[in-house]
1. Local charge sum around Trp38 (other residues, Cβ-Cβ under 14 Å, Lys/Arg +1, Asp/Glu -1)?
2. Taking 0.36 nm per residue of sequence separation and subtracting the Cα-Cα distance, how much length would be gained by fully extending the chain between Asp19 and Ser109, in nm to one decimal?
3. Can you pull out the trypsin sites (Lys or Arg not before Pro) in the stretch 45-96 whose DSSP state is coil and whose Cβ has at most 15 other Cβ atoms within 10 Å?
4. What's the extension gain from Leu175 to Lys97 if we count 0.36 nm per residue and subtract their Cα-Cα distance?
5. What is the sum of charges around Glu192, taking Lys and Arg as +1, Asp and Glu as -1, for the other residues whose C-beta is under 13 Å from the C-beta of Glu192?
6. Quick one: net charge of His72's neighbours, Cβ under 9 Å, K/R +1, D/E -1?
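Just so it is clear, none of the values below were taken in a lab; they were calculated from the coordinates. Keep in mind that what you see is a predicted model, and the values were worked out from it rather than measured. In this analysis, Cβ positions are derived from the backbone assuming ideal geometry, glycine residues included, and neighbour counts consider all displayed protein chains.
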Amino acid sequence: MQQFWEQQQQQLSLPHKLDQDTGGLMLVAKSADFVRKWSQTTSVKRYRALVVPSNTSSAERLKSLTGSVMTHWRSPVGPPKGLFQDLPPPDVPKTGKLSWKECKSIVLSVREYNGDSYTPPSTLKRAEKDEDELRRGGGSYQPLLEVELELITGRTHQLRGQLGAIGCPIYGDMLYVDSYNDEDRRYVPSPELCLQAKYLAFEFTAATAVTTVDNGRKKDDLEVSPRSFVFELQTAWWD
């Protein structure tokens, strides 16, 4: 990205941002007019992630949310970007800096990432710990799940915090891992956060110059119509 930036002759800017450590689609604007239009438009943003369920109950809870809205509340303070809970405490203010913020996302799909149709890189291989040892230790093997989500709200670290709050932290996330025992991790650590911005759609109103003829006289005018744009990554870096 830095090399691309340095090679450009004109001034570039980013009309939107991704959280640090999140990869995937980003728009780069060549004009201030695009940035202005972007600030006034509504976009659809979808993400894919690999998650590590802490137990069977957590995995089933995530699967049960398929096709529905996942809602949490984020505290204004707490490491690293606030605490995520199902409901805010009853005595907190409704507005202001000390208020809890509602976080909403749609769980579009959940499926087991078992390697049947993919060849995971070495960073995703299962740790050397067999089923018998897990059972003796009170644990149980939980397969990685690949989940696709669509943002409704866009809080900092929202998807990371929400998935961690239901016991399915994103693979490679070292911030929201309180929901599973680090000593009983079933997979070797991932060097990268397995979270990708994979889909971006938006609509702009565009003006096109048109010429009409009325009673033999030409008339130049502008025709205003919406234009839709859709960008999508078909594969993730872990595929």
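1. Details: positive: Lys17, Lys30, Arg36, Lys37, Lys45, Arg227; negative: Asp33, Glu203.
Here the charged neighbours net out to +4.
2. On the way: separation 90, 0.36 × 90 = 32.40 nm, distance 2.20 nm.
Computed gain between Asp19 and Ser109 is 30.2 nm.
3. Details: sites: Lys45, Arg46, Arg48, Arg61, Lys63, Arg74, Lys81, Lys94; in loops: Lys81, Lys94.
The qualifying sites are Lys94.
4. 25.8 nm
5. On the way: positive: none; negative: Asp21, Asp173.
Once all neighbours under 13 Å are counted, the net charge is -2.
6. On the way: positive: Arg74, Lys104; negative: Asp86, Glu102.
Residues near His72 contribute 0 overall.
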